[in-house]
Each structure stands twice: as structure tokens, then as C-alpha cells.
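K.L.:
My structure is below; once you've seen it, I'll send some questions.
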């Protein structure tokens, strides 16, 4: 028998915000030690936990992007530009550094579907890995887009800033408003919604699989 760490990761995604009278969370006390169950617990956690850490990093990115949209209205807009740029640089580096490890864990989790002869158990692992992959792909796209934004900010000539025009050149002002809102341009909120929805789905599937195929018999 072994303790299943999967619950910690699942609850981090699936539980709602604390309330005055929180519901009793679902728990798995012990599980059967088997290649299938070990793979499910180890590699689901191995993928999801750094993805959750990336979500917290993206919370910080959200603040910086909001500041980016408003920085040209500040008297010290040049200093604000540099602050946003440097903070985004650290954040996108943390995101991009996590990607290869997460993908390896998802691949290994998916491979774990071959560790059982039960087709339904195999299908559930494969489905959980698929939802994690969808969430990961969106995190990866945001990470790449943020890296491109950071590199653009490194190259931008601060003397060309037009605070009266929101930091844009006159010709840029003819572009649609969404194209001048950095969060809309990056499709930031929509990407994060997809990430959260698929992380939740993956957690539900993995917890269900753990309860059905790995919980100790009573």
C-alpha cells in the first residue's frame, strides 16, 4: 500500500474558493501499488503541479499586462515600461523553463495507459493526459507569445514612445481597439479559460480513475 499524492494536486484544481462552511473534500486514503496506479499518481502530479505553478505565474503576468495597457498614462512612463519589461522577462523565462519537463510527464502519463489490461482504465488515463495536453498547449502558446513580447520590448526605442497616443505611433491608432490592448492581442483571458477548464477536466478524470482502480478494497 502507498499514499496517493494525486489528491493534493487534484484538490488544488478542483476545490472552490474557501467559504464559511466548506464542503468535506473527497479523499483517497490508500491505494493499491501497481505499475498503473504508480504511473497515474507520479506522472499526473508531475505534469499538473508545475502547470499549477505556471498558472500562478500567469496571475502575475496578468498584472503586468494590465499595467502595460495603462503605463503610458503615467508621468514616469519610461520607468514603468522598464519595470513591466523586466518583470515580464523573469516571468516568461520561468514559464518557458518549465515546458520540456511538463511535456515529458504528460507523455509518460499517456504511456501509462499500456500498464493495464483493463480498456476502461487505460482510456481514462489517456483522456486525462489528453486534457492536460490541451491545457499545456495553451500554456506553451502563451509562454512563446510572452517571450516574443519581451523581446519586442527589449528592442523598442523608448524615445519613440507617444504617451499622448497611448504609446503608439499615429498609424497604429487606426488599428482596431483590440489590437491596441495587449491582453486582447495575446488572447490572454481566453487562453487561460481553456487552460483552467482542461486542468479541471483532467483532475476529475484522474481522481475518478484513482478511486475506481487504485483505492484499497474495504
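The values are calculated or read from the model by the stated rules, or taken from the named source; none is laboratory data. As the structure is a prediction and not an experimental result, all values here were calculated from the model. So basically every Cβ, Gly included, is an ideal-geometry build from the backbone, and we count neighbours across all protein chains shown.
K.L.:
Scan region 72-88 residue by residue and report those that are under 17 Å from residue 157 (Cα atoms) and either touching a helix residue (DSSP H, G or I) at 6+ places or on another chain (Cβ under 7 Å) or surrounded by 18 or more Cβ atoms within 10 Å (Cβ to Cβ) (or both). Step through it out loud before you land on a result.
P.N.:
Just the residues of region 72-88 that are under 17 Å from residue 157 (Cα atoms), to begin with: 72, 76-86.
Those that are under 17 Å from residue 157 (Cα atoms) and either touching a helix residue (DSSP H, G or I) at 6+ places or on another chain (Cβ under 7 Å) or surrounded by 18 or more Cβ atoms within 10 Å (Cβ to Cβ) (or both): 72, 77, 78, 80, 81, 84, 85.
K.L.:
Taking region 47-80 only, how many residues are touching a residue at least 60 places away in the same chain (Cβ under 8 Å) and closer than 18 Å to residue 186 by Cα?
P.N.:
Count: 10.
K.L.:
Another question about this same structure. Check region 150-160 and report whether any residue there is in contact with a helix residue (DSSP H, G or I) (Cβ under 9 Å, 6 or more places away or on another chain), surrounded by 16 or more Cβ atoms within 10 Å (Cβ to Cβ) and under 24 Å from residue 189 (Cβ atoms).
P.N.:
Yes: one or more hits.
K.L.:
Being under 21 Å from the mean Cα position of the chain (by Cα), modelled with pLDDT under 95 and surrounded by fewer than 17 Cβ atoms within 10 Å (Cβ to Cβ) is true for just one of 16, 20. Which residue is that? Give the derivation first.
P.N.:
Values: 20 fails: under 21 Å from the mean Cα position of the chain (by Cα).
After applying the criteria, what remains is 16.
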